[in-house]
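Computed from the coordinates by the stated procedures, all read-outs in this text should not be read as laboratory data. Every value quoted in this text rests on a predicted model; they were computed, and no experiment measured them. Cβ: placed from backbone, ideal geometry, glycine included. Neighbour counts: every protein chain shown.
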Amino acid sequence: MIASTLITGLGLGAMYGLLALGFHITYAVSKTVNFSQGASMMFGAVMGYTFSVTLGWPVLLAFPAALGCCAILGLAIEFFLVRPFVARGSEAWLMATVAGGIVLENMVLFTFGKEPRNLPSVLAQEPISLFGAGAYPLQIVIPVVGITIAFALTWLQRSTRAGQAMLATVQRPEAAQLVGVDTRAVIAIAFAISAVFAGIAGLLIAPLFNVSASMGTIFGIKAFAAAILGGISSAWGVMIAGLLYGCIEALTTAYLGSGYTQIVSFSLVILVLATVPNGLFGRAAVNKV
Amino acid sequence: MNLNTRYTLRHLAAREVIAAAGVMILSLLAPIQASAQETIKIGLIASLSGPSSKSGEAITRGMTLAIEEINAEGGVLGKPLELLRRDDENNPGKGLTAARELIQREKVAVLFGGLQTPVSLAIVPYVNQVKRPFMGPWAAGTPITQNGADPNFVFRVSAVDELVDVALVDRAVTVHGSKNPGLVLINNPWGESNERGLLAALESKGLPHAGIEKIEASDVDVVPQLTRLREAGADTLFMVANVGPSAQVMKSLERMDWNVPVVSHWGPAGGRFSELGGPRAETVEMIQTFTFSGTQTEKGEAVLAGLQNLFPEIETAADVTPAVGIANAYDAMHLTALAIENAGSTAGEAIREGYYAIESYDGLVKRYQQPFTPDNHDALGPDDYVFTNFVAGEIIPID
């Protein structure tokens with residue numbers, strides 16, 4: 001039972017981690033987050049379905065196109081729902097991004113339809129045997145993709161000029177502008193990447209689940225819990241926390257019963273935050289005066 | 001898009017549109033009181049958006065066809081029936097708010113409910129308080145009609161969980177020789193209602209159970225729950241969940257390579273289950289009260305033709321999904337019209353007595369003989385249930 005449960009947990013957890021990376025990247029450059037990550041995830045899956053199934057495009061064209069749509073969505077979220085409020089020193093972007101997600105969900109409801117659809121994938125048709133347990137190949141692919149993206153993001157932030165520009169944007173925005181960093185563009189790109197991460201999560205999970213206008217809501221909430229649990233300032237932290245969260249959910253269900261799953265997992269989040277306020281891998285913000 | 005729509009007319013030719021426009025202008029000039037007396041309003045609170053919206057569409061179709069037929073025969077008490085719909089958004093609070101609005105402001109004569117047991121359970125105490133008849137054409141929760149109120153204003157033309165559960169257990173034992181079944185239930189009041197019913201049915205047969213596992217609509221993978229049941233020796237699974245989570249159960253069984261019979265409540269019938277549930281979806285045996293597939297009665301053929309006429313997107317019997325929602329709503333609407341006719345007015349108490357006074361009605365699901373009595377507010381019983389499965393996307397009777 002343990003192998004089967006861990007496969008379930010790692011697949012789910014990597015998806016939470018991917019969504020949580022979206023929270024991380026915007027927080028890392030602007031101290032703001034896109035609370036419509038769940039809706040962005042749904043949008044990626046819906047666009048992927050539309051291009052690949054409805055329009056019949058090949059997957060290699062359809063999925064990048066869907067992620068391109070997610071990037072545009074991320075730019076729009078930053079431009080319309082975050083930037084105006086941040087410019088006024090308001091925290092209302094929080095509610096604006098939540099509202100934006102609800103608007104998007106309802107727009108998709110009327111255009112895409114009300115019924116859940118199946119997004120077929122060759123990686124989610126024939127189960128394979130892994131350590132004596134059945135698993136769809138996609139359940140292995142999801143953690144691999146998630147960990148690879150977390151690794152790439154960490155490398156980008158630490159070892160490239162673009163990454164340095166991102167860090168400078170949040171640490172010293174005025175100084176960053178003086179040395180030629182377009183901080184507005186950096187923040188906008190961060191929101192685009194955030195929505196693309198959500199889109200990847202949507203495209204990966206849809207063949208195992210389904211595609212529907214309401215699919216992203218609960219995942220968005222759990223991913224934010226993972227982001228807080230890991231420490232939202234750490235890319236690796238949120239990915240590891242996502243994996244942990246998924247495994248704890250699956251293990252609790254398997255060994256204690258499904259009635260205890262949410263009680264145990266969310267209690268654990270509260271417990272961690274009470275003892276480690278910055279999350280498992282986060283660092284306390286330092287304000288120099 | 002406004003989901004709160006009125007259905008009284010269907011295909012309008014240009015001449016009819018001009019005539020209708022003229023009537024509308026005149027109606028604007030007429031006193032409001034006079035306009036309110038022109039029709040007998042029937043309210044419907046159902047899922048018109050979200051994942052269960054197909055159910056709301058089905059109930060609407062069944063009721064609309066029945067209302068068309070009734071109005072073509074002169075209406076009820078000399079007045080045409082008018083359908084007023086509200087979206088409950090699968091939310092009991094919103095359903096109750098809509099019930100208040102339809103009863104207090106729109107003065108509906110009878111209120112119809114939708115698929116969701118939690119929504120109907122939220123509305124039931126209110127309709128009993130204001131003494132306005134409530135008709136359930138789908139939600140099967142036992143406490144909807146057996147709510148303890150006296151007088152009870154809640155009626156139903158649909159399956160009843162505790163009776164369905166007896167039928168599910170009977171099938172598992174007689175067809176599959178089950179000795180240690182497991183329960184896979186959606187984690188909401190509908191699942192709880194069936195948990196009680198299934199446990200009672202198992203107890204009456206002296207059977208143990210391998211375990212009770214709850215699933216959520218958002219569960220991507222239910223392998224952990226199913227693994228617990230397999231390790232406890234489950235030889236059959238009882239499944240009570242709507243389309244999405246039921247599909248996840250079947251995908252997870254495929255992943256586990258566990259060939260266990262699945263005997264299900266009718267939840268999977270509400271949408272694209274055969275598409276979502278993978279290769280095992282067609283093995284699920286699910287209970288229904290009606291299917292348009294197979295040999296039809298004269299009434300069944302007439303209703304199918306009527307539906308095709310009203311809704312051109314329906315080309316074959318396979319397009320009439322979910323059939324139970326349409327059929328139950330169709331019969332429930334005709335029975336309600338008879339109740340109002342018997343009542344001689346739209347007073348709630350009189351309509352309630354009017355339901356009891358129905359002697360017989362030759363309906364789509366069956367021929368009803370005194371469908372309602374003060375002790376029985378459910379028009380359908382175990383004899384009206386049929387086990388089905390999906391074959392090429394169509395719901396087909398098994399036996």
Taking every other residue with Cβ under 13 Å from the Cβ of B:Ala139 and scoring Lys and Arg +1, Asp and Glu -1, one gets -2
With Cα coordinates, the longest principal axis of chain B makes an angle with the long axis of helix B:298-310, in degrees rounded to 10, of 70
Taking every other residue with Cβ under 14 Å from the Cβ of B:Thr373 and scoring Lys and Arg +1, Asp and Glu -1, one gets -2
Rounded to the nearest 500, the 222 nm mean residue ellipticity computed for chain A from DSSP H runs (n ≥ 4, each -39500 (n - 2.57)) alone is -23000 deg cm²/dmol
Listed with the fewest Cβ neighbours within 10 Å leading, A:Phe23, A:Phe266 appear as A:Phe266, A:Phe23
Most exposed to least, judged by fewest other Cβ atoms within 10 Å, B:Thr289, A:Thr217 sort to A:Thr217, B:Thr289
With +1 at each Lys and Arg Cβ and -1 at each Asp and Glu Cβ, the charge dipole magnitude of region A:2-217 around its Cα centre, to the nearest 20 debye, comes out at 360
Shielding of A:115-125 by other chains, given as the mean Cβ count within 10 Å, works out to 4
The alpha-carbon center of region A:149-172 and that of region B:243-303 are separated, in whole Å, by 50
Pairs over 23 Å Cα to Cα, from B:Lys79/B:Lys299; B:Lys107/B:Lys299; A:Lys31/A:Lys222; B:Lys214/B:Lys251; B:Lys54/B:Lys94; B:Lys41/B:Lys94, come to B:Lys79/B:Lys299; B:Lys107/B:Lys299
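Hey, what number do you get for chain B at 222 nm if only DSSP H runs of n ≥ 4 count, each worth -39500 (n - 2.57), divided across all residues, to the nearest 500? Write down the numbers at each step before the final one.
Working: 14 runs with 170 residues, N = 399.
Helix contribution divided over all residues of chain B: -13500 deg cm²/dmol.
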Expected sort for A:38-45, A:209-216 on mean C-beta neighbours within 10 Å, highest first, is A:38-45, A:209-216
Region A:219-235 and region B:178-235 have their Cα centres apart by a whole-number Å value of 33
Treating only Lys and Arg (+1) and Asp and Glu (-1) as charged, each at its beta carbon, one finds that the protein assembly as shown has a dipole about its Cα centre, in Debye to the nearest 20, of 2740
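Just to be sure I understand: of the beta bridges DSSP finds with both ends in chain B, what percent are antiparallel, rounded to 5?
30
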By Cβ neighbour count within 10 Å, fewest first, A:Tyr136, B:Tyr356 rank B:Tyr356, A:Tyr136
From the Cα centre of region B:339-399 to that of region A:23-57, the distance in Å is 47
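Take peptide B:210-223, look around each residue's Cβ out to 10 angstrom, count Cβ atoms belonging to other protein chains, and average those counts. Working shown, then result.
On the way: counts 0, 1, 3, 4, 5, 2, 4, 4, 9, 8, 13, 16, 3, 13.
The mean count of partner-chain Cβ atoms within 10 Å per residue comes to 6.
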Across A:213-220, the residue-averaged tally of Cβ atoms belonging to other chains within 10 Å stands at 3
Within the protein assembly as shown, the percent of DSSP beta bridges that are antiparallel, given to the nearest 5, stands at 40
Within chain A, excluding any trypsin sites (Lys or Arg not before Pro) found in a DSSP loop (not H, G, I, E or B) and having at most 11 other Cβ atoms within 10 Å, the longest uninterrupted segment runs A:89-282
